[in-house]
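The values are calculated or read from the model by the stated rules, or taken from the named source; none is laboratory data. Since the model is a prediction, treat every value here as computed from it, not as a measurement. All Cβ positions, even for glycine, are placed from backbone atoms using ideal geometry, and neighbour counts span all protein chains on display. Remember, those area values only see protein heavy atoms, side chains included, never the ligands or the DNA or RNA. Shrake-Rupley method; radii C 1.70, N 1.55, O 1.52, S 1.80 Å.
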Amino acid sequence: MIDTKNIMNEAYSLEEKIRNIRRELHIHPETGFDLKYTKPFVRERLEELGYTVEECGKAGLVTTIGKNNGKCILLRADMDALPIKEEADIDYKSVNEGFMHGCGHDMHTAMLLGAAELLKNHEEELKGTVKLMFQPAEEIFQGSSDMINNGVLENPHVDAAIMLHVVGGMPIKEGAVLIPSGGVTTASCEQYHITIQGKGGHGSMPQNCIDPITAASAVHLALQEVNARELEAGEYGVFTTGKFVAGDVSNVIPDKAEMWGTIRTLNDNARLIIKTRMSEIVEGISAAYRCKGETDFFDYCPTMITDNDLSVKTMSYVKELIGQGAIDMSLFNGGKPGSGSEDFAFVSHEVPTVGMFITAGDSTNGYPYSQHHPKVCFNDDILYIGSAVHAYTALRWLSEN
């Protein structure tokens, strides 16, 4: 059996190093595939540890450690940030105006780099291969599939995959690891863009115009009826219109109105019903207001599927490592899938996968904001725990498989 106390002590000895990595990444957030600072920084840290690093896809990095014979387990960290202006009162605030690590991907990358060092220290104990996946473009649901299409799950073939995501703004003591049971864990997500074309003109003469704002407002309200009258009772479907744009000045009726948002469901049947009715509602109501309405769908991410066998094993490993800090996630969500979405879902449809969560901000103790809020903060005291969980889970799984 691998010595859990030794792993935790080693991880704790790296605490300051992992924290400094996280804060350096936090200061320099980048989005999508445009990781001009982040990717070289991660590569350099890995190469300093003796890893051979390969490019994968548009901006991904991959490296392996261990023996080429036996099984292979993949550990993943996402590296991209969000296009949000940071408002948190911290010493290591973003210097990239309009961008911030508001979802904790800087934490994820730092934890996996910490795990990379721990695994190097235990390389001779590995009974197979650990593959480290550093992924771009999670927030736009493109990075995981890009890396899959460029072979991240092959050479060597991946037999199991693990991710660890921080959670903030919850009333749970920091450092707990939440592990989902088998089945659907998170919702699918698809983005939409609605364009309603009217005819602009002077605000004093609406009779000479075709007002797209009126049509768009009617469309927005009508879409809320899809859940109430189109889906079966109890079926899960969520619309969010996150951006509604029309016009530039107060005294002009604009030519068009636009809406952007997301659809989240737990199965493809509900998703297809919603998409079909959305398109029909947009077109029909726009026509009733003498406008032309169109709907485009893009950036689809499927549901996250947790493998039951891997979940059971992961729970046992994490319990060995941190005891009561390993928690069944269903205790907090009533056994229901989460409404958020995760780009690692693409991996879960290819190989057995578990997506764990580590609490990094107790809402009752100074961390009231959750992911994607401009004031969100994460407690980086838990980073060494995440690194230990990554490394120990990989070591234990390979020892049994």
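All conditions in (1) of a type in the set (A, V, I, L, M); (2) within 29 Å of VAL347 (Cβ to Cβ); (3) at pLDDT 95 or above hold for VAL282, with the sole exception of (2).
Does VAL252 fit the bill of being under 30 Å from ALA176 (Cα atoms), open to solvent by 60 Å² or more (accessible area, probe 1.4 Å) and β-branched (Val, Ile, Thr)?
No, not satisfied.
The selection criterion, being surrounded by fewer than 23 Cβ atoms within 10 Å (Cβ to Cβ) and on the phi > 0 side of the Ramachandran plot, holds for GLY175. In segment 186-223, of all residues being of a type in the set (Val, Ile, Thr) and out of contact with any helix residue (DSSP H, G or I) (no Cβ under 8 Å at 6 or more places or on another chain), the one that is farthest from ILE382 (Cα to Cα) corresponds to ILE210. Any residue at all in segment 207-220 that's β-branched (Val, Ile, Thr) and not in a helix (DSSP H, G or I)? The answer is yes; a qualifying residue exists. Residue count for segment 268-317, restricted to those that are charged (D, E, K, R), open to solvent by less than 60 Å² (accessible area, probe 1.4 Å) and in contact with a Ser or Thr (Cβ under 7 Å, 6 or more places away or on another chain): 2.
For segment 366-385, a tally of residues being touching a strand residue (DSSP E or B) at 6+ places or on another chain (Cβ under 7 Å) and open to solvent by 70 Å² or more (accessible area, probe 1.4 Å) returns 1.
Put simply, of ILE305, ILE281 the only residue that is of a type in the set (A, V, I, L, M), within 30 Å of GLY200 (Cα to Cα) and touching a helix residue (DSSP H, G or I) at 6+ places or on another chain (Cβ under 8 Å) is ILE281. Can we say ILE73 is in a loop (DSSP other than H, G, I, E, B), of a type in the set (A, V, I, L, M, F, W, C) and either farther than 15 Å from LEU153 by Cα or touching a residue at least 24 places away in the same chain (Cβ under 8 Å) (or both)? No, not satisfied.
Has segment 83-93 got any residue that is of a type in the set (A, V, I, L, M), farther than 21 Å from LEU113 by Cα and open to solvent by less than 30 Å² (accessible area, probe 1.4 Å)? Checked segment 83-93: at least one residue is of a type in the set (A, V, I, L, M), farther than 21 Å from LEU113 by Cα and open to solvent by less than 30 Å² (accessible area, probe 1.4 Å).
Looking across segment 185-212, the residues that are surrounded by fewer than 17 Cβ atoms within 10 Å (Cβ to Cβ) and out of contact with any Cys (no Cβ under 7 Å at 6 or more places or on another chain) come down to HIS193, HIS202, GLY203, SER204, MET205, PRO206, GLN207, ASN208.
Please specify each residue of segment 221-243 satisfying the condition of being assigned to a helix (DSSP H, G or I), open to solvent by 90 Å² or more (accessible area, probe 1.4 Å) and modelled with pLDDT under 90. Result: GLU225, ARG229.
Here is a yes/no grid of residues against (1) within 26 Å of THR359 (Cβ to Cβ); (2) of a type outside the set (D, E, K, R):
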{"position": "SER250", "(1), (2)": "no, yes"}
{"position": "SER279", "(1), (2)": "no, yes"}
{"position": "ARG290", "(1), (2)": "no, no"}
{"position": "TYR300", "(1), (2)": "no, yes"}
{"position": "MET304", "(1), (2)": "yes, yes"}
{"position": "GLN324", "(1), (2)": "yes, yes"}
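Sort out for me the strands (runs of 3 or more DSSP E) sitting completely within segment 99-198 that have 2 or more residues that are touching a strand residue (DSSP E or B) at 6+ places or on another chain (Cβ under 7 Å) and of a type in the set (A, V, I, L, M).
Where strands (runs of 3 or more DSSP E) fall fully within segment 99-198 and carry at least 2 residues being touching a strand residue (DSSP E or B) at 6+ places or on another chain (Cβ under 7 Å) and of a type in the set (A, V, I, L, M), they are 129-135, 160-167, 177-179, 188-197.
Would it be correct to say that ILE65 is in a strand (DSSP E or B), buried (at least 23 other Cβ atoms within 10 Å of the Cβ) and not polar (S, T, N, Q)? Against the criterion (in a strand (DSSP E or B), buried (at least 23 other Cβ atoms within 10 Å of the Cβ) and not polar (S, T, N, Q)), ILE65 does not qualify. Among the residues of segment 24-53 satisfying the criterion of being open to solvent by 80 Å² or more (accessible area, probe 1.4 Å) and more than 23 Å from the chain's Cα centre (by Cα), which is nearest to ASN150 (Cα to Cα)? Within segment 24-53, the match that is nearest to ASN150 (Cα to Cα) is THR52.
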